[in-house]
Amino acid sequence: MSQFQSDFVDQTVARLGRRPETVIPILQAIQTHYRYLPREALERVCELTEITPAAIAGVSTFYTQFRHRPVGRHLISVCHGTACHVKGAELIQDAFEHHLRIPKGDDTDRDGEFTVQKVACLGCCTLAPVIQIDAVTYGHLTYSMVPEVLDDFRHQHWDGNGAARGRAKGKRNPLAVEIRVGLGSCCVAQGSGKVHQTIERTLEEIGGDATVKRVGCVGMCHQTPLVELVIPGRDSTSLYAKVDAERARAIVLDHVKPRGIARRLGYTMNRWLDRLVADEEDTLARHAIDVRDAPVCAFLGRQKRLATEFCGQFDPTDLGEYRRHDGFKALERAITAMTPEQLVEEVKTAGLRGRGGAGFPTGMKWEKVRQARDEKKYIICNGDEGDPGAFMDRMLLESFPYRVIEGMAIAARAVGAEEGYFYIRAEYPLAVERIQEALEQCRQQGLLGDGVCGSGFRLQLAVKEGAGAFICGEETALLASLQGERGMPRLRPPYPAESGLWGQPTLINNVETYALVPWIVRHGGEAFAALGTEKSKGTKVFALAGKIRRGGLIEVPMGVTIRQIVEEIGGGAPAGHRFKAVQVGGPSGGCIPARLSDTPVDYEALVGVGAIMGSGGMVVLDDSDCMVDIARYFLRFTQDQSCGKCTFCRVGTRRMLDILDRICTGQGKSQDLEELEELARSVSAASLCGLGKTAPNPVLSTLRYFHDEYQAHLKGRCPAGRCKDLIAYRINEKCIGCTLCAQNCPTDAIPLTPYKRHTIEAAKCTRCDTCRLVCPAGAVVVE
Amino acid sequence: MPKLTIDQREVEVPPGATVLDAARQLGIDIPTLCFLEGYQASTSCLVCMVKIRNGAGGRLAPSCGTPAADGMVVESETEELFQIRRTALELLLSDHVGDCLAPCHFACPAHMDVPNMLRQISAEDLAAAIVTIKRDIALPAVLGRICPKPCEKGCRRSAADGAVAVCQLKRFAADADLASDEPYLPPYAPPTGIRVAIVGAGPTGLSAAYYLAQKGHACVVFDDQPQPGGRLRHEASEAELPREVLDAEIASLVRVGFEVRCGTRVGSTFPFAQLLKEFDAVLVACGAMVRDQAHGWGLPVGPRGLHVNKETFETGVRGVFAAGNAIRGKALAVRSVADGKEVAAAIDQFLSGQTINGPAKPFSSRIGRVYAEEMPQFLTCSSSLPREEPPSGEQPGYQLPQAIQQADRCLHCDCRALESCKLRRYAALYGADPARYPGQRHPFRQIVARSHVIYEPGKCINCGLCIQIAAAAGEPLGLSFVGRGFDVRVGVPFDRTMDEALSKVAAEVVAACPTAALEVRGKGEVGMRTAE
């Protein structure tokens, strides 16, 4: 202990303060510095601050972000979000552990190079399965790609997301081509950072006159990385999908002329483009897509953008651009032309309901906080989007930080709060960075601070980062976390509107809820209420992922049916597969079978079929997905994320999982289904908070619609061929003896027998599916 | 003052009161585990669930943390709530890594409280030990010599370095008692005037007489042999069971006040019909010999002996009971001794006009199968000495120092809070089945390192009272929840000891713990050896 240098801890405490609520930021700083939490550092924190040993022990073991053991030099985070799960995240995790020869029960290889950890959801669902090594994301992985990924990582000099953070500065030339590069997390994960870098470098090289602009998420995640060209004088833009660095260079070289001949650019560009789009021979053209193309049309057609207005068109942190697009007009109006009461009325007229999941009427919440007579009130933006399979809030925070800030400022004005926080989950570093940058811009421009928009209205906003706990999306747990405690929910009432942060009345709304507010104030509540159904007004943003052709972020008017979303917008299940169900609402939601897909997107209608609106994750499942496995997946998630406070959630969900584990491994008994359902109903009725109350939903809805699959499992059969213990791999007579399977088998379960039919040794087989994927003859079958 | 209705009864409570306060004001008993007056309701155990009827369909809410509101309509005693409370208890029990009663308790046919006896021997309190023994076993000196020791087969330590020498230690205590100037005489009730005839002075008959006599009933034990003892006298060799031990132990039993009429053969010298006339109840305990007589006595016969109701020992003829080998044919002597105790209880219930409900089955949580890795943890609170058999020869049996050493080997598998545990009390009350939700459980651990407070995380129900009490008392180190979800447990920061964590309020915390998660080391427990 004597060798421990406390300088860093001392400086951190000096910077962050000594109050008990600074515990999470202090722990985060210590972990960033040491890569784990050395005990000596924690003891030093207790010496220096008001943080007690009990608080530090409690908090540092509650949040999954914190590690108490040293980790490898690089951290591999394997995403276990829903989309990744259905696309084989377990296998990917196995592959890394197997390839790195990580001893069982450990998480780090012997050389201490890599630590493999499971993460709940990286929010890059359209790239599933996804992993992250440090800050580098790899998507669309398969078991056999793992060695390549590791090699790639070892041989690249990665500078994190640095490239993605470079900014195009300088004066805009109105005649210059504008090259827009999508820099949402998904795009970055798919390499748009590199694309951006290449474009910049190429332009520099040729001295090209073009504006490179980073834009937020375009929503078409299935096409990332996207590069869009806006050519002066043309009505439509050109969109290039799935661009890599090489193609990015080609795009620049083809479209941008060296400086000095900029005058001829408009004309030239037109000519070039005509050729590009028309010429099938051209390599570039294959990747150019046009909004007039049928699939793109279908993807965009049903959508209605309010929260995501001007999606993909402007630089997320460029305040000027936001203001040119009506930004902060709503706030000005809210301050100068409307009373707080009128604002509340407007939101009530709009019929806006909370977009975080439960759908509580926003206007009523505002009114309650407004009416509280306390001097001090707080406003909080709940950005702890944790549902696996949901990434709407991340996208809104990353791409429309000003819109969320504006909505929040309007809400603050309406309820009379002068201080507030963004609570953003730790897994969203880019969102944190963008909001921080946007807040700073707003302060400089007088949009936040002591006199908002020159009025007497004051508002201070700051960002607090979560530390890896799904439960902190629950409002009372979020408050506990903000106060530097373990994120444990408490019994309501009292509701936060009466007694919230530090016991003061507090308004907590979700990111998307705030993002809709400026539109409502600009266009009026009635215009908003004109969209949607009787009880569900306006639009809803969904993260569409899973077994679907066109995944992405979509915003649709309420009332659109599941079928329209899955089939028209998403293009249906991939070729050769049948759309079976859609999981809506994540771990709190349910699976809606394909036959009920005419159910509209509407709070009550979704509850009626056993799902919930939730925060908006929509994972499409096809005939290769096992519904029992899906139920187990979600239960494992909630079980893992349960805070552990109340009996029904802590133990009840565990016992449900035990039953599901037995069913999935062929040890189920006939009375298990009844016991499972009964327990599910008890957990649902008696759990203390929303997490426990809704955790049984995925189980109950699959029991309701896919009872036959449960029955099949009891008989030892998994109809979808997913449950490892119930399936076997076999090579049939179609085998051509090419040896590919044997060469690729990670466990040497297939002896090499050239020109002869191969066989699989069942005992060695880990059912990793590699052989089936590599077989050119389709000879590997699952039974 | 808010006025509310609970189970259709109106109650007015002071502002700030909870639904639980209101219920208690009405005298309604709502079970609570995690709640303690004076501390913040943690609303975690959820066994205090009530239903708030206001609003569509109503909602379940923990009464301890729900503020009583004006106009509230509350239900507390419905089938639905009974079920939900029982489910909460069963879920807690499904992860309760602890035995209420030790495995040896269940292995012993007489269900003797073995660990308690061992602790009493450890504490050199032999007078207490014989009381413990004789509560369940009337003939311990005899059984201490001839019993095939099923308790030792059940002993958890048998899976490690050999079972605790329970039988020899019982014999040690019993021998010491017999050798004393005044052997133990149990308290007995004043005479009831009720007469019980017992046919057969074997282990069953003598035991039954011993326990019935304590109830104040006048017992006459008939036997056709010249001396009492039945099969004990002719099955065991003199070397195994010296007759002077048998005689001495029987003599000690008889002191409680019952008559033994030897040389009296029921059936011939004393007609069975006359027994029925002269006595208020008859116990047939004449072993296998009964087969020849049963028909003449009008008693039903089964494959092994007399046919009886297994729970109540009733033969079907009113007032006639049968037990021991008379119903079993061939059973261990300890089984017969146990039968004697159980049938005595049945007969006593019959005689006092109660329903005969058979031997009481105390509620017990059971760990079940133990994993090899857990064994060191079980060994934590016991002596590490190996099992040693007593010397034979001149002075057979243990002498005190060796007996203490051997008794110190007990793992104390039984619960330190058997009587005070609220979880056990309510589980019994609600008929909770501890095996309802089988599944993965946490490993057994008991943390005793350098501490007089023993912490068993497996028994913790996460009520957090210890954390609250320590924080309120300003403990410099204190306690906190560690981890999350299913694995969350109470822990001491920075891996320090419980004594350090609870420097001021250890006694208060132990008293507040609703289970035995935090307990002080019991009298007679040893071992400061750490298993950490």
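Please give every one of the lysines within straight-line cross-link reach of A:Lys376, meaning a C-alpha to C-alpha distance under 25 Å, and leave out same-chain neighbours fewer than 8 residues apart.
Within the straight-line limit of under 25 Å, A:Lys376 reaches these lysines: A:Lys348, A:Lys365, A:Lys368, A:Lys464.
Long-range amide H contacts for A:Phe360: which residues qualify at under 5 Å (H placed 1.01 Å from N, peptide plane, sequence gap of 5 or more or a different chain)?
A:Gly354
Would you report the distance distribution of C-alpha pairs in chain B as whole percents per 20 angstrom bin, up to the bin with the largest distance?
20, 43, 31, 7, 0
Rounded to two decimals, what ratio of Rg to Rh does the protein assembly as shown give with C-alpha atoms and a Kirkwood Rh? Walk me through the numbers on the way to the answer.
Values: Rg = 38.0 Å, Rh = 35.7 Å.
Value, to two decimals: 1.07.
If you take all C-alpha pairs in the range A:419-480, what percent of them are over 14 Å apart?
60
Which order do A:Lys693, B:Lys170, A:Lys104 fall in if you start with the one that has the fewest other Cβ atoms within 10 Å? All intermediate terms of the calculation are to be shown ahead of the outcome.
Details: A:Lys693 19, B:Lys170 28, A:Lys104 5.
By the 10 Å Cβ count, ascending: A:Lys104, A:Lys693, B:Lys170.
To check my understanding: the extent here is largest minus smallest coordinate of the Cα atoms along each principal axis. What are those three numbers for the range B:152-223, in Å, largest first?
52, 29, 22
Please get the size of the charge dipole for the range A:695-736, origin at its Cα centre, with Cβ charges of +1 on Lys and Arg and -1 on Asp and Glu, quoted in debye to the nearest 20.
In total the dipole reaches around 80 debye.
Output ³J(HN,Hα) for the range A:390-407: one whole-Hz value per residue in order, computed from phi by the Karplus curve 6.51 cos²θ - 1.76 cosθ + 1.60 with θ = phi - 60°, and x for Gly and Pro.
Along the range A:390-407, the couplings run 10, 8, 5, 5, 4, 5, 5, 5, 6, 9, 10, x, 5, 5, 5, 4, 4, x Hz.
Can you work out D for chain A in µm² s⁻¹ from Stokes-Einstein, where Rh is the Kirkwood radius over C-alpha pairs, the temperature is 4 °C and the viscosity is 1.567 mPa s? Walk me through the intermediate numbers first.
Numbers: Rh = 27.6 Å.
Roughly 47 µm²/s, to the nearest whole number.
Ranking request for peptides B:255-265, B:407-417: highest mean number of other beta-carbon atoms within 10 Å first, then the rest in descending order.
Values: B:255-265: 16.4, B:407-417: 25.0.
Per-residue mean Cβ counts within 10 Å order the peptides as B:407-417, B:255-265.
Give the residue from A:Tyr428, A:Cys453, A:Gly416 lying farthest towards the positive end of the charge dipole for the range A:319-529; charges sit on Cβ (+1 for Lys and Arg, -1 for Asp and Glu) and the dipole is referred to the Cα centre.
Of the listed residues, the answer is A:Gly416.
Rg(Cα) of the range A:728-783 divided by 2.2 N^0.38 Å?
Working: Rg = 9.5 Å, N = 56, 2.2 N^0.38 = 10.2 Å.
For the range A:728-783, the normalised Cα radius of gyration comes out at 0.94.
When the Kirkwood radius is taken over all Cα pairs of the range B:3-77, what Stokes-Einstein diffusion coefficient follows at 10 °C and 1.306 mPa s, in µm²/s?
131
Could you pull out every residue, at least 5 positions away or on a different chain, whose amide H is within less than 5 Å of the one on A:Lys213? Hs are placed 1.01 Å off N in the peptide plane, and Pro or chain starts have none.
A:Ile179, A:Arg180, A:Val181
With unit charges on the beta carbon (Lys/Arg positive, Asp/Glu negative), name the residue among A:Pro493, A:Thr476, A:Phe360 whose Cα is farthest towards the positive pole of the charge dipole of chain A.
A:Phe360
Binned at 10 Å from 0, what are the whole-percent values of the Cα-Cα distance distribution for the range B:124-188, short to long?
Per 10 Å bin, starting at 0, the Cα pair percentages come out as 21, 49, 25, 5, 0.
From the P(r) of the range A:614-768, can you give the percent of Cα pairs sitting at distances over 29 Å?
Summing the P(r) of the range A:614-768 above 29 Å gives 33 percent of all pairs.
Any of B:Lys170/B:Lys341; B:Lys215/B:Lys361; A:Lys118/A:Lys540 with alpha carbons more than 26 Å apart? Name them for me. Mind dumping the intermediate values first?
On the way: B:Lys170/B:Lys341 18 Å; B:Lys215/B:Lys361 21 Å; A:Lys118/A:Lys540 30 Å.
The pairs that break the limit, which is 26 Å between Cα atoms, are A:Lys118/A:Lys540.
Other chains near A:55-67: what is the mean number of their Cβ atoms within 10 Å of each residue's Cβ?
Working: counts 4, 3, 12, 12, 2, 3, 10, 7, 1, 1, 0, 0, 0.
Taking the mean over all residues of the peptide, I get 4.
List the equivalent ellipsoid semi-axes of the range A:462-589 in whole Å, largest first, each obtained as the square root of 5λ for an eigenvalue λ of the Cα gyration tensor.
33, 22, 12
Beta carbons within 10 angstrom, averaged per residue: use that to sort the peptides A:515-528, B:454-467, highest first.
Output ranking for A:515-528, B:454-467: B:454-467, A:515-528.
When the Kirkwood radius is taken over all Cα pairs of the range B:185-261, what Stokes-Einstein diffusion coefficient follows at 20 °C and 1.002 mPa s, in µm²/s?
Working: Rh = 12.7 Å.
Result for D is 169 µm²/s.
What's the angle, to the nearest 10 degrees (0 to 90), between helix B:126-136's Cα axis and the longest principal axis of chain B?
Between helix and principal axis, roughly 80 degrees.
Cβ under 12 Å from A:Ala120's Cβ, A:Ala120 left aside: what net charge do those residues give with Lys, Arg +1 and Asp, Glu -1?
Values: positive: A:Lys118, A:Arg425, A:Arg636; negative: A:Asp384, A:Glu385, A:Asp387, A:Glu427, A:Asp640.
Its environment carries a net charge of -2.
Please list 3J(HN,Hα) in residue order for the range B:310-316, calculated via the Karplus relation 6.51 cos²θ - 1.76 cosθ + 1.60 where θ = phi - 60°; whole Hz, with x for glycine and proline.
5, 7, 10, 6, 7, 8, x
With angles folded into 0 to 90 degrees, how steeply does helix B:203-214 sit against the dominant principal axis of chain B? Use alpha carbons for both and round to 10.
The angle comes out at about 60 degrees.
Find the Cα radius of gyration of the range B:367-487, compare it with 2.2 N^0.38 Å by division, and give the number to two decimals.
1.42
In which sequence would B:Phe106, A:Phe328, A:Phe400 go, from the one with the fewest C-beta neighbours within 10 Å to the one with the most?
So the ranking, lowest neighbour count to highest, is B:Phe106, A:Phe328, A:Phe400.
Taking only Cα atoms, what is the 0 to 90° angle, nearest 10, from helix B:166-179's long axis to the longest principal axis of chain B?
60
If you consider only alpha-carbon coordinates, what radius of gyration and Dmax does the range B:195-351 have, in Å?
Every Cα atom of the range B:195-351 included, Rg and Dmax give 14.1, 42 Å.
How are the Cα pair distances of the range A:560-694 distributed, in percent, across 10 Å bins from 0?
P(r) for the range A:560-694, in whole percents per bin: 12, 39, 34, 15, 1.
Listing A:Lys540, B:Lys422, A:Lys535 from the residue with the fewest other Cβ atoms within 10 Å to the one with the most, what is the order?
Placing the least packed residue first, the sequence is A:Lys535, B:Lys422, A:Lys540.
With no solvent and one equal point scatterer per Cα, compute the Debye intensity ratio I(q)/I(0) for the range A:7-62 at 0.17, 0.28 Å⁻¹ and report its log10, rounded to two decimals.
Treating every Cα as an identical point scatterer, log10 I(q)/I(0) equals -0.41, -1.27.
What is the average number of partner chain Cβ atoms found within 10 Å of a Cβ in A:37-45?
Going residue by residue through A:37-45 and averaging, the value is 1.
What lysines does A:Lys693 reach when the alpha-carbon gap must be under 21 Å and sequence neighbours fewer than 8 apart in one chain are set aside?
A:Lys645, B:Lys51
Separation of the range B:82-121 and the range B:360-382 by C-alpha centroid, Å?
Using only Cα atoms to place each centre, the spacing works out to 9 Å.
Report ³J(HN,Hα) in whole Hz for each residue of the range A:729-737, in order, from the Karplus equation J = 6.51 cos²θ - 1.76 cosθ + 1.60 where θ = phi - 60°; Gly and Pro get x.
With coefficients 6.51, -1.76 and 1.60, one gets 9, 9, 10, 9, 5, 6, 4, 9, x Hz.
For B:Ala322, list long-range residues whose amide hydrogen, built 1.01 Å from N in the peptide plane, is under 5 Å from its own amide hydrogen.
Under 5 Å from the amide H of B:Ala322 lie the amide H atoms of B:Val284, B:Thr315, each far enough along the sequence or on another chain.
Taking just the alpha carbons, could you work out the radius of gyration and Dmax for the range A:74-160, both in angstroms?
11.9, 33
When N counts the residues of the range B:440-520, how does its alpha-carbon radius of gyration compare numerically with 2.2 N^0.38 Å, as a ratio?
0.99
Bear in mind that the values in this text are calculations on the coordinates, not laboratory data. Because the structure is a prediction, the values reported are computed rather than measured. No Cβ is skipped: glycine too gets one built from the backbone with ideal geometry, and neighbour counts run over all protein chains shown.
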